[in-house]
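Working notes, structure below.
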Amino acid sequence: MATLIPGEFSCWDQLLAMAFAQLTYRESLRDIESCLRALQSKLYHTGFRGKVSRSTLADANESHDWCIFVYFAQGLIATARPLHACDLMGVDRHQSLYALDSTTIDLCLSLFPWAKFRQRKAALKMHTLLDLHGNIPTFIRVTSGAVHDVNILDEIMPEAGAFYVMDRAYIDFQPLSVFALSSAFFVVRTKSNVLLERRNSHPVDESTGVRSDQTVILSSVESATAYPDSLRKVSYFGAERNKRLEVLTNNFTLLARTIADIYRQRWQVELFFEWIKQHLRIKALCGTGENAVKTQIWIAVSIYVLVAIMRKRLGLEASFYQILQILSVTLFEKTPILRALQAFDSDSDLFNTGNQLILFDV
């Protein structure tokens, strides 16, 4: 084991500093430095061993390999998933259910030339496979915005018996055939240019929103070569969006309505992206290099999963947002974390005015 040199800024110091930035909504390295220096007397007791400065943290973000924070996040994910294995989802299924999608983070091309997306634009993509038991990310790949979503299918190891829900950007029948051969099920929204030949139709109850349930095969030579087996096409009307959607699946046993309900759970990954962009620091980046950006994103993911673990283990009813807000003002308080996070009974406190001074005479 390597010996830590006194005063050296380690990966642990870097993690603590960047986690502080996430939990207290710091926007820049200078902001992090100023706030931590104001708390200098408390830093040693919270685990800091190196001196925190803007230049030191910038050097660490560029030089410390971001992969170490991937391993740290994956360790947290491995802890979080069993804790949420019994969480209810929008559908009553015992099999694992995953939603796959990506979100784009727009960047300035002059500052992030390595993330060139278009001629005058730079962007990152955060490809995420979300376990819908607890909404825990199980797979994340950060790429340039130019990487198409469908390429990520080749990097996923399908789990036998699990359901994978995807939007139409993931229509590629070569990797989807790998899912089928691995005894995994996919539910993917189809495109208008996918050529299908109907083999037979099944009766449906239109009162459930399902409009058709058909067994089909791919009729184009290229697609049929990649996926020669039959598929099931379910068409349903989504009243909440006033829109008709058609999905393809390789599962022929579930009710058509259940297939539709499974696809509707894909919106959980959209909500995950919206939440993490609003409440964690992944849009205001503290570095311009690829290593620094990936480090910040993976530490943000670690914070999300760490809060999920804490919320489950402590049996907290507070939302993720409420927990983050409380932590942002109590990080350096000598208060048991459970006491700080426990919800108080506002109704009982409202009328407890025995010690309240009267400000105005009536």
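The values are calculated or read from the model by the stated rules, or taken from the named source; none is laboratory data. In this text, all values refer to a predicted model and were calculated from it rather than measured experimentally. Cβ atoms come from the backbone with ideal geometry, glycine included; neighbour counts cover every protein chain shown.
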Open item on the list: I'd like to check something: does the stretch 142-153 contain any residue that is within 23 Å of D261 (Cβ to Cβ), among the β-branched types (V, I, T) and buried (at least 16 other Cβ atoms within 10 Å of the Cβ)?
Closed with: no
TODO: Among what's in the stretch 19-60 and is touching a Leu at 6+ places or on another chain (Cβ under 8 Å) and closer than 13 Å to T295 by Cβ, pick the residue that is surrounded by the fewest Cβ atoms within 10 Å (Cβ to Cβ).
DONE: A58
Task: Residue, modelled with the highest pLDDT, within the stretch 82-92, restricted to residues that are surrounded by 13 or more Cβ atoms within 10 Å (Cβ to Cβ) and more than 10 Å from H133 (Cβ to Cβ) - done: V91
- [ ] Take the stretch 195-229 and flag every residue that is surrounded by 14 or more Cβ atoms within 10 Å (Cβ to Cβ) and within 15 Å of Q174 (Cα to Cα).
- [x] I217, L218, S220, S223, A224, A226, Y227
- [ ] List the helices (runs of 4 or more DSSP H) that sit entirely inside the stretch 21-109 and contain at least 3 residues that are within 29 Å of A123 (Cα to Cα) and aliphatic (A, V, I, L, M).
- [x] 54-63, 67-83
Open item on the list: Could you tell me how many of the residues in the stretch 222-258 are closer than 20 Å to L181 by Cα and β-branched (V, I, T)?
Closed with: 4
- [ ] Please give the number of the condition A160 fails out of (1) surrounded by 13 or more Cβ atoms within 10 Å (Cβ to Cβ); (2) modelled with pLDDT under 95.
- [x] (1)
Task: Pairs where the first residue, in the stretch 204-225, is within 18 Å of N251 (Cβ to Cβ) and the second is of a type in the set (F, W, Y) and assigned to a loop (DSSP other than H, G, I, E, B), C-beta under 6 Å, 6+ apart - done: L218/Y227
TODO: Return the total of residues in the stretch 189-199 being in contact with a helix residue (DSSP H, G or I) (Cβ under 6 Å, 6 or more places away or on another chain) and closer than 22 Å to V221 by Cβ.
DONE: 1
Open item on the list: Taking the conditions exactly as written (at pLDDT 80 or above, assigned to a helix (DSSP H, G or I) and surrounded by fewer than 14 Cβ atoms within 10 Å (Cβ to Cβ)), does S328 satisfy them or not?
Closed with: yes
Task: Complete set of residues in the stretch 207-232 that are of a type in the set (S, T, Y) and part of a loop (DSSP other than H, G, I, E, B) - done: S219, S220, Y227, S230
Task: Residue among T79, T103 that is over 22 Å from A21 (Cβ atoms), at pLDDT 90 or above and surrounded by fewer than 18 Cβ atoms within 10 Å (Cβ to Cβ) - done: T79
TODO: Scan V194, V187, V204, V165 and give me the residue that is assigned to a loop (DSSP other than H, G, I, E, B), in contact with a strand residue (DSSP E or B) (Cβ under 6 Å, 6 or more places away or on another chain) and of a type outside the set (S, T, N, Q).
DONE: V204
- [ ] Starting from residues that are touching a Leu at 6+ places or on another chain (Cβ under 8 Å) and part of a loop (DSSP other than H, G, I, E, B), keep the ones in the stretch 233-279 and report whichever is nearest to F69 (Cα to Cα).
- [x] Q265
